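A short worksheet on the structure shown next.
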There are 2 protein chains.
Amino acid sequence: MSPQRSAPARPSSLREHNLALVLREVADGGPVSRARIAAATGLTKATVSSLVETLLEARLLAELGRSGPVAVGRPPSALALAPGGPVGIGVEINVDYVATCTVDLAGAVRHREVVVGDLRALPLSAVLGRAAGAVRRAVAGAAAPVAGVAVGVPGLVETGGRLVRTAPNLGWQDVPLLAELRERADLPADLDLQLDNEANLAALGELWLGGHEDADGGPLADFVHVSGEVGVGAGVVLNGQLLRGRHGFAGELGHAPVAGDDTPCGCGARGCLEQVAGQDAILRAAGLPEPARPWPGGDDGPAVALARAAADGDGRTLGALAKAGEALGRVLAGALNLLDVDTVVLGGAYARLAPWLRPPVQAELETRVTAARWRPVRVLPGRLGADAAVRGAATSVVRGVITAPAGYLGRA
Amino acid sequence: MSPQRSAPARPSSLREHNLALVLREVADGGPVSRARIAAATGLTKATVSSLVETLLEARLLAELGRSGPVAVGRPPSALALAPGGPVGIGVEINVDYVATCTVDLAGAVRHREVVVGDLRALPLSAVLGRAAGAVRRAVAGAAAPVAGVAVGVPGLVETGGRLVRTAPNLGWQDVPLLAELRERADLPADLDLQLDNEANLAALGELWLGGHEDADGGPLADFVHVSGEVGVGAGVVLNGQLLRGRHGFAGELGHAPVAGDDTPCGCGARGCLEQVAGQDAILRAAGLPEPARPWPGGDDGPAVALARAAADGDGRTLGALAKAGEALGRVLAGALNLLDVDTVVLGGAYARLAPWLRPPVQAELETRVTAARWRPVRVLPGRLGADAAVRGAATSVVRGVITAPAGYLGRA
DNA sequence: CTCGCTCCGTTCGGAAGCCGAACGAATAGA
DNA sequence: TCTATTCGTTCGGCTTCCGAACGGAGCGAG
């Protein structure tokens, strides 16, 4: 009846589940004692001890020794994610740069590299070569076991696929990116490689690393992340999980029709959101020249020029931003209604433009989101800026280890 | 890190999981032998035997005896869902009727009752009295243990809530429906009562009972179900699961803005989809009189009048339907893009109007759904008609038993 | 300084579950 | 009647978790 078959549960499945439970408890709550883990998870102290021992041997946890002489009784010995534990490597291949990032189990950035260059001007093999070089350097520089590499691209990627279906802004079509990278960077065959959409990874970055809060003060777990780069991409996070959709194409927002606009769009239709709220469109409407390429990841790109003009009070720019915000708000309202989400995170280039985009977006949401009467809608600027996608990618690798430590144990 | 805490896994969790696995295998594949279950699930024959014995004792499974002397070797003894097993009761409280429905484990309808009457004309307590009477009769008439009762209403219901937040067409506001029903129908305190949105239940009905097929020929597990009743409600099914959203309000589609329309809407905004594609709106645009209330569940209501006029070639009606279909298609395109879904099911009143709505909807989807180049979009008429919600409700109860038999064992 | 209190982590027996292999059961065909 | 074949059960062994008891480590009172 359910389409997804599930596997039989053996005694070892128990252990896998509980290993993840313990590990997640440490990851969530910082240094904790065994006794606290037992209390929090509902497992017995005995069981926790056994699980912890396994995790210590796997070098995923480390014993900190005693922390502070704060209480009566035998002092606990705190456990934390192992500093020498596995790291994840994130890679972002974008129009103007290739970025890599190495993070440890705790999500802290260990290393970061950005190679700037207009990749559209290069042939595919040259781009692959650059990316492979960056990956090789990241792997070689990691002074710890590498749990995996996650690659983000601005394009459509099929779920679990190893193939970039299409990346219009790179001019890619059906590129077997992971296989190419594995070969060119000479990566071992058992190294875990993943591929995902850049907008999805950015949303995950804000989820895990943004430190955003729920309306109730808890960690934000339901939101729509919109990033305005060349197009308009969205990542939908529901209940702490990314919505990928059946084929992994979920989050397409850029080609929603916007009333009162007839600009033809590359997709064939007219009046797409991208033609009003895309970065290039705003730039055009503001009458600003396109900044010289390449710019490194939005930090120095059109968003900055726009923000500067807006801060100077340039009328055309302010008008363009207001119009973009309104269109964005209308389309987002539809998404929020459909998904029952009450928070929007303005990421990517939009984060920098948030001071001007936020008011019109918020206003549109307030009038158009049906459930706004019960729980107010919120518009938050992203906190990771242009790093969201790479850091999200790298973190997704270590999150994979934390939520399924058995898989890592098996390989390592 | 994940916001949702999970419970520790004990040895008994193993059994719960595997009981569900076996039960689902039987529910999916019809009568099966123990050996086949073992092969399909990956469990051992020994384990399957043990699990099956538990399920037999719980009266969830029944032994059919030998089926046919078809093969060599010891003949298998087929297992099927127990005919005398627990049943689920579904209730739908709508504007013009109260319906109940009793289904057995296999999803077959055992009993059905519709009480017609314009409930808007009645005070709340009278409506509750009618519903309670219907529930009491259904429970009394069930010649089998009742696993639970699921109630659907046309309004907003918080996830896991026992409260109807608002049901505009019934004039309800914060009605503690489940508590009222339990008291008025004198239901035992341990009987499982659930509450859900009618549109959600209808989507589940089409999922489980509609017999729709995927583009690949498998069972359809990803679609958006739109039902045009008084408003426009949607149920989103992703990977065989209903998308409820954080508060259970997901699927709101009726108030998406439609270009080129300025009709004021009850929600405060202008140009909402409901004002173009809602049943009443189509009726108005077609210039047809509103049929006399009450009508029983759309089967005799405005949809029939519209279908008749359209079949007769009435120009205004055809125009209204075309316009409604176009608007619906535009809004649905946005949803399909956002969710990465390629199938729309036209349910409720739309099912009857599918011959006229389908072409414009399909056309809009084909031009506006970005991924339509890779996998064609499909528009299917719903197959359960006005029964979808009640049958979905009743089936959701028995599905609950099948996917978590341990819970039922514990109570029974 | 020592004893008792409190809390932490470990040890050990017992129970629940699953697996693998061997065994009895039931039927068709030689 | 015997053999081949498939089905379902039985039994010993393994993994895992639980509960209770135990030893350990620090603090404070006397």
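If you take the residues in region B:368-382 that are away from chain A (no Cβ under 12 Å) and over 12 Å from the mean Cα position of the chain (by Cα), which one is surrounded by the most Cβ atoms within 10 Å (Cβ to Cβ)?
Restricting attention to region B:368-382, the residues satisfying the condition of being away from chain A (no Cβ under 12 Å) are B:376-382.
This time we only want the ones that are over 12 Å from the mean Cα position of the chain (by Cα), so: B:376-381.
Values: B:376: 14, B:377: 22, B:378: 17, B:379: 25, B:380: 20, B:381: 19.
Ranking the qualifying residues of region B:368-382, first place goes to B:379.
Please count how many residues of region A:24-47 are over 18 Å from residue A:408 (Cα atoms) and in contact with a Ser or Thr (Cβ under 7 Å, 6 or more places away or on another chain). Spell out how you get there, then give the answer.
The initial filter retains those residues of region A:24-47 that are over 18 Å from residue A:408 (Cα atoms), namely A:28-47.
Imposing the further condition that a residue be in contact with a Ser or Thr (Cβ under 7 Å, 6 or more places away or on another chain) reduces the set to A:31, A:33-34, A:38.
Residues meeting the conditions: 4.
Condition check: touching a residue at least 60 places away in the same chain (Cβ under 8 Å) and either away from chain B (no Cβ under 14 Å) or assigned to a loop (DSSP other than H, G, I, E, B) (or both). Does residue A:189 satisfy that? Show your work before the answer.
Working: touching a residue at least 60 places away in the same chain (Cβ under 8 Å): no; either away from chain B (no Cβ under 14 Å) or assigned to a loop (DSSP other than H, G, I, E, B) (or both): yes.
Judged against the criteria, residue A:189 is not a match.
Residues of region A:139-153 that are of a type in the set (Gly, Ala, Ser) and out of contact with any Lys or Arg (no Cβ under 9 Å at 6 or more places or on another chain): A:140, A:148, A:150, A:152. Is there a residue in region B:105-113 that is touching a Gly at 6+ places or on another chain (Cβ under 9 Å), free of Cβ contacts under 8 Å to residues at least 60 places away in the same chain and within 16 Å of DNA strand C (Cβ to nearest atom)? Checked against the condition, which is being touching a Gly at 6+ places or on another chain (Cβ under 9 Å), free of Cβ contacts under 8 Å to residues at least 60 places away in the same chain and within 16 Å of DNA strand C (Cβ to nearest atom), region B:105-113 yields no hits at all. Does region A:80-97 contain any residue that is free of Cβ contacts under 8 Å to residues at least 12 places away in the same chain, surrounded by fewer than 18 Cβ atoms within 10 Å (Cβ to Cβ) and either within 11 Å of chain B (Cβ to nearest Cβ) or farther than 30 Å from residue A:155 by Cβ (or both)? Taking every residue of region A:80-97 in turn, none turns out to be free of Cβ contacts under 8 Å to residues at least 12 places away in the same chain, surrounded by fewer than 18 Cβ atoms within 10 Å (Cβ to Cβ) and either within 11 Å of chain B (Cβ to nearest Cβ) or farther than 30 Å from residue A:155 by Cβ (or both).
Could you tell me which of the residues B:211, B:233 is more than 7 Å from every other protein chain (Cβ to nearest Cβ) and out of contact with any Lys or Arg (no Cβ under 9 Å at 6 or more places or on another chain)?
Details: B:211 fails: out of contact with any Lys or Arg (no Cβ under 9 Å at 6 or more places or on another chain).
Residue meeting the stated conditions: B:233.
Region B:40-124 holds strands (runs of 3 or more DSSP E) entirely within its bounds, and those carrying 1 or more residues that are touching a helix residue (DSSP H, G or I) at 6+ places or on another chain (Cβ under 7 Å) and within 16 Å of DNA strand D (Cβ to nearest atom) map to B:61-65, B:78-81.
Residues in region B:21-39 that are charged (D, E, K, R) and more than 11 Å from every other protein chain (Cβ to nearest Cβ): B:34, B:36. Restricting to region B:13-49, name every residue that is crowded, with 22+ Cβ neighbours inside 10 Å and at positive phi. Hits for region B:13-49: nothing passes.
Against the condition in a helix (DSSP H, G or I) and crowded, with 24+ Cβ neighbours inside 10 Å, how does residue B:338 come out, does it pass? Answer is yes for this residue. Restricting attention to region A:395-404, does a residue exist that is within 14 Å of chain B (Cβ to nearest Cβ) and more than 27 Å from residue A:109 (Cβ to Cβ)? Checked region A:395-404: no residue is within 14 Å of chain B (Cβ to nearest Cβ) and more than 27 Å from residue A:109 (Cβ to Cβ).
Among the residues examined, residue A:36 qualifies as within 16 Å of DNA strand D (Cβ to nearest atom), among the basic types (Lys, Arg) and part of a helix (DSSP H, G or I).
Can you name the number of the only condition in (1) free of Cβ contacts under 8 Å to residues at least 24 places away in the same chain; (2) within 14 Å of chain B (Cβ to nearest Cβ); (3) farther than 30 Å from residue B:45 by Cβ; (4) not polar (S, T, N, Q) that residue A:57 fails? Residue A:57 satisfies every listed condition except (2).
Read-outs: derived from the displayed coordinates by stated rules, not from any lab. Since this is a predicted model, take the numbers as computed values, not measurements. In this analysis, Cβ positions are derived from the backbone assuming ideal geometry, glycine residues included, and neighbour counts consider all displayed protein chains.
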